[in-house]
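The values are calculated or read from the model by the stated rules, or taken from the named source; none is laboratory data. Note that the coordinates shown come from a computational prediction; the quantities given were computed from them, not determined experimentally. Note: ideal-geometry Cβ built from the backbone for every residue, glycine included; neighbour counts use all protein chains shown. The accessibility values were calculated without ligands, DNA or RNA, using every heavy atom of the protein model including side chains. Shrake-Rupley method; radii C 1.70, N 1.55, O 1.52, S 1.80 Å.
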Amino acid sequence: MIELIGNLSLAAAVLVAAATVIASIGAAALGPVAGAPWLRGSRWLVASLAVFVTVAAAMLLTALMTHDFRFTYVAAYTERALPVGFTFAALWAGQEGSLLLWAWLLSMLCLMATMGWRRLVGTEVAVAHAVLAVVCGFFAVILLFAANPFQMFDGPPPLDGRGLNPQLQDLAMIIHPPLLFTGYAGFTMPFAMLVGVLIAGPRDNRWLSHIRRWILFSWMFLGAGIVMGAWWAYIELGWGGYWAWDPVENASLLPWLTSTALLHSIVVQQHRGMFRIWNASLVALTFLLCLFGTYITRSGVIDSVHAFAASLLGVFFLVFLLLMTALAVGLIVWRRRKLAPDRPLEALVSREGAFLAGNVLLTIMMLVTLVGTIFPLLGQLVGHEGVTVKAPFYNRVVAPMAILLVGLMAVGPVLAFGVQAARKIAVNLRIPAAAVVVVTGGTLLLLTGNVWALLCVAIVTLGTSSVLLDFVKSFSARRRSTGEGVLAATVNLIDTNHRRYGGQLAHLGVMMIVIGVAGSSLFSRETLHRVVPGQTFEVDGYRGTFLGLTDIRGSNYSAVQASVELTDSSGDTRVATPEVRFYDTWPEQPNTEVALRSTWLEDTYVTLAGWEGGGRNAAIQVRVNPLVLWIWIGGIVMVAGGLFCLLPRQLLWPRAVTATALRRSPAVDRPVEPVVSTSVANSEITA
Amino acid sequence: MTHTRVKLLGAGLVIAAATTILAVAGMREGWVYFLPVDQFMASGQHQMQRVRLHGTVGEERFEASRADLNAKFDLKGKTSSIRVEYTGVIPEMFQAGHDVVVEGQCDEAGVFHADTLLTKCASKYESADGQAPHANPYAAESAE
């Protein structure tokens, strides 16, 4: 029954997607008035598409939760002893399920998008509906024909399942994939609207305001997913790192880099009418890179530690990717004249110049990552079979670019649009420059002479101090003009411009990540100790004593646990208990549990590397990784910044609006889509 | 061409040159061949350089000590094999019969000295269809 309902809903989804395309094309062909019922119809069809995909997902979930081992998927990824949370998360543990999750998220987001665009009429939105339906339909087709989650055993079903891979039995497994897939799926909305606008013929920049939130939303989820994945790798894989430039990691980074560039360059288009072709290309590229990443990681063309089994799926994705690329490139080339900028770039040292530079840097980072990822394929083409590049290739290029980017974060906010910007910048950067001299000098004298470290310290100090200074200036100006208290002034100032301060917050988050990455990659120390029980060893700053091994038992695993007493220089003692776990259904794949303690300054990361003779001797690995915690904090701050940008223009407007109206300078901060918010605000004032 | 355009072009050229230099330098450092054992043994060109090899760990002549942090084994391809000596932490999934990736260099005697040993789970997300679970490699050694 379950498989019947599941497969039927997927089939229904395909048909409904086709119907949506027809209805949307009808709406586009008949024009805004006569086509209105058709457009409404296509919206309802998208809604029913979401219902059908939801039913399919619910069916797989039912099979999982009821341990229905007639399904190969259920038997492959769960077992009766698996904790409930992981049984639920098994929905996205395998190829088929994770694609179903993607399809479900996509259909829900499409529903949200069509509802958000319900006031729009005309060809743009009709075509956008059609594109959304095509992408949803594509996923429904591959779920039916290339990766069917409702496959059943031919013979008698097994009594119990194989269980979830031990490495996936982690809290992050429950959160990380949905975050990432939400990001991937979300980038379909801007792409759909772009295709609609290009087919209709771009008239103004208003369409950007219909997709800005979608870009921001997807960017936030993708960024959160990437940081979460890094954290997962750090605590789960036991090699002491969080980023390995693995193809799957790279695949998620590529669209994140282009969407980050896009978030900045659409601001320039909204304010200055420039970068139109560039923005259109970035919208398309971000969507295509999401597909591309999935293609290279699920088709088996590139070796990865995340390897999914190679399958027909690759062909489906490749064909779809090529079709979508041809569509995007064709449309942009066709409409290139209508995408011409309103004005030329007047000055390099200006806010638009800084945005351009940031875009260039992010694009280079993306290209380098892309080249590195497909290097084995490129090597094959020129006859160097089997050649790959490793981390140094990426680090060499990406690290300097990242440092330059932080430099732009420092100057960007103090730069104005247009030609007058250059004169003011020197004045605005005086105090940050002084801070750089003091902090970098202090670091040099007290901590390290490492050039890279000093460079990072200098640039992050410049960035942080100019962000803070910018805030303090506006803050004191506001207090002078309104006479508000400290708290009220802070809240209202931020509330007057969520986009500006959200952006600044996201920049602070990135700078924290830069500090964390620099600290941990430049100053990580790793030692390995072969010890017998009772033996003491020295790690810089710590004295360790190996107490011995014990056997312990968990719900679906047994484990060997080492006890290591660590005493730091201040005499503070604690016992670290790294484990190696043997899951009952995966005895051949023991799993390391790291004993980790994080502080603001450094992590101590202890693993049990091996043992012999029933614990008579053992190998204990101790890593001291400075500043890693800042990467995770920075990730949270970055996402929080994105969230701020997503907020409606003003939350506490009654007071804030009057104050803003008094002090808002023209041009720079003026929103492009103020129609709704100001009219609401005005009515509030008159009321 | 306007003044700004000239500057823009100049800046573009500088960035392109810098990126190329960095990328080429990075490539020299990060470039490594990743070959199956058979291909490595058959072609002479990679014999003395640092490479990554993948193959299967041979059952015979297999020595590994997790506490002493070294392993000696034959890395087998379909037609040939090479003796590998590895020093470092032994991954948990390392055992005879499994697929591994080693990185290092060959010496004159034909022994491959590896400093990196990665176990390659044929498919991390896909379960091994119909395969009987392997015996617990640690069973005999587990602490009491």
Given a 1.4 Å probe and heavy atoms of the protein chains only, how would you sort A:Val33, A:Val622, A:Val517, largest accessible area at the top? A:Val33, A:Val517, A:Val622
Points 7 angstrom from Cα along the Cβ direction at B:Asp99 and A:Thr527: gap in nanometres? 3.9 nm
Carbon plus sulfur, as percent of the 1.4 Å-probe accessible area of segment A:322-419, comes to 70 percent
Rounded to the nearest 20 debye, dipole of the protein assembly as shown from Cβ charges on Lys, Arg, Asp, Glu: 4760 debye
Hey, what's the per residue convex hull volume over the C-alpha atoms of the protein assembly as shown, in cubic angstrom? 192 Å³
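What Kirkwood radius, in Å to one decimal, follows from the Cα pairs of segment A:204-337? Present the calculation step by step, with values, prior to reporting the outcome.
Details: mean 1/r = 0.0610 Å⁻¹.
Taking every pair of different Cα atoms in segment A:204-337, averaging 1/r and inverting gives 16.4 Å.
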Using the alpha-carbon centroid of each, what span in Å lies between segment A:535-599 and segment A:35-102? 38 Å
Percent of alpha carbon pairs in segment A:131-287 separated by more than 28 Å? 38 percent
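Go ahead and estimate [θ] at 222 nm for chain A from helices alone: -39,500 (n - 2.57) per DSSP H run with n ≥ 4, summed, over the residue count, rounded to 500. Display every interim value, and only then the final one.
Details: 23 runs with 436 residues, N = 687.
Counting only the DSSP helices, I get -21500 deg cm²/dmol.
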In whole angstrom, note down how far apart the Cα centers of segment A:213-257 and segment A:378-450 are. 21 Å
Sticking to Cα atoms, compute the Rg of segment A:401-478 to one decimal and its Dmax as the biggest Cα-Cα distance, whole number, in Å. 13.6, 42
P(r) of segment A:502-602 in 10 Å steps, Cα pairs, percent per bin? 13, 31, 28, 21, 7, 0
For A:Thr325, A:Thr20, B:Thr2, give me the order by solvent-accessible area with a 1.4 Å probe, most accessible first, ignoring ligands, DNA and RNA. B:Thr2, A:Thr325, A:Thr20
Magnitude of the Cβ-charge dipole (Lys and Arg +1, Asp and Glu -1) of segment A:523-629 about the Cα centre, nearest 20 debye, reported as 120 debye
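How do B:Lys78, B:Lys72, B:Lys7 rank by accessible surface area computed with a 1.4 Å probe, from largest to smallest?
Details: B:Lys78 190, B:Lys72 75, B:Lys7 105 Å².
The residues order as B:Lys78, B:Lys7, B:Lys72, largest area first.
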Can you give the three extents of the C-alpha atoms in segment B:1-99 along their principal axes, from longest to shortest, in whole Å? 74, 33, 20
Can you pull the three principal axis extents for the Cα set of segment A:413-538, in Å, largest first? 70, 32, 24
Could you tell me the total accessible area buried at the A-B interface, probe 1.4 Å, in square angstrom to the nearest hundred? 4900 Å²
Any chance you could run the full-extension gain for A:Leu643 through A:Ser570? It's 0.36 nm times the residue separation minus the Cα-Cα distance, nm to one decimal. 22.2 nm
Restricting to lysines 8 or more places apart or on different chains, can you count the pairs in the protein assembly as shown with Cα atoms under 25 Å from each other? 10
List the DSSP H helices in chain A whose Cα atoms stretch 27 Å or more along the helix axis and whose mean Kyte-Doolittle hydropathy is at least 0.0. A:2-34, A:36-65, A:95-116, A:123-145, A:207-236, A:247-272, A:276-298, A:313-334, A:351-373, A:391-411, A:451-482, A:498-523
Segment A:243-397, dipole about Cα centre (Lys/Arg Cβ +1, Asp/Glu Cβ -1), debye to the nearest 20: 620 debye
Could you compute how much accessible surface B:Glu60 exposes when probed at 1.4 Å, giving the result in Å² to the nearest 10? 100 Å²
